[in-house]
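Working notes, beginning with the structure itself.
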Amino acid sequence: FGAGDWNFTRLVPNTIIRLLEGKQAMLWSDVINYQREFLYVKDAVDMLIKLMGVTENNSGESVNLGVGSVWAIKDFIHEIIGSVTDFCSNADIQPEIEVKIKDNHFHEIPKQSLDTTKLKGMIGELPKLTDNINLCIQKSIPFYLDVKSGNAIRKW
């Protein structure tokens, strides 16, 4: 996750934009306790750059990018709410989550996480920005403020 994600159906962009519009964060009832690993985009880029320096002898191998931080979806949304509230201290941020029931259930795996053993063996210590979720979310907010005001520009 991070600034520049134009897919507003994803959890982070959708939640930030809804909060900035004065709406409640929204969550589908069937995923409220699902667990996922979230990775801040700068950490992912840092890992890829480090991997480029060590992949000559490991060409064609797959590697999981992650930092080992697994979150329940509802807890991660509460982190987003807190981060947006801290960043936009004068805004009217709705602290509650609107839980909706899907008409058609797309069944996902309830608990997903990554094994980063191979990654650590290849690049050593993992980047740590993602460990400070509040900071990472706050670094993403200005982009979504620009989206909301119509000033965001696609740079591709």
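The values are calculated or read from the model by the stated rules, or taken from the named source; none is laboratory data. Keep in mind that what you see is a predicted model, and the values were worked out from it rather than measured. Reconstructed Cβ throughout: ideal geometry from the backbone, glycine too, with neighbour counts over all protein chains shown. Note: areas computed on protein heavy atoms with side chains; ligands, DNA, RNA excluded. Shrake-Rupley method; radii C 1.70, N 1.55, O 1.52, S 1.80 Å.
Listed values, structure above:
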{"item": "Test: residue in the range 26-37 that is part of a loop (DSSP other than H, G, I, E, B), farther than 18 Å from HIS107 by Cα and not acidic (Asp, Glu)", "result": "no"}
{"item": "Check on LYS42, touching a residue at least 60 places away in the same chain (Cβ under 8 Å), open to solvent by 40 Å² or more (accessible area, probe 1.4 Å) and assigned to a helix (DSSP H, G or I)", "result": "yes"}
{"item": "Residue check for VAL63: free of Cβ contacts under 8 Å to residues at least 60 places away in the same chain, in contact with a Gly (Cβ under 7 Å, 6 or more places away or on another chain) and either surrounded by 15 or more Cβ atoms within 10 Å (Cβ to Cβ) or more than 15 Å from LEU119 (Cα to Cα) (or both)", "result": "no"}
{"item": "One residue from ASP146, ASP115 being under 20 Å from ILE80 (Cβ atoms) and surrounded by 10 or more Cβ atoms within 10 Å (Cβ to Cβ)", "result": "ASP146"}
{"item": "Flag if ILE133 is in contact with a Ser or Thr (Cβ under 6 Å, 6 or more places away or on another chain), open to solvent by less than 90 Å² (accessible area, probe 1.4 Å), under 18 Å from THR85 (Cα atoms) and of a type in the set (Val, Ile, Thr)", "result": "no"}
{"item": "Candidate set from the range 80-112 (those that are in a strand (DSSP E or B) and open to solvent by 70 Å² or more (accessible area, probe 1.4 Å)); member that is modelled with the lowest pLDDT", "result": "LYS100"}
{"item": "Flag for ILE77 being in a helix (DSSP H, G or I), of a type in the set (Val, Ile, Thr) and without any contact (Cβ under 8 Å) to a residue 60 or more places away in the chain", "result": "no"}
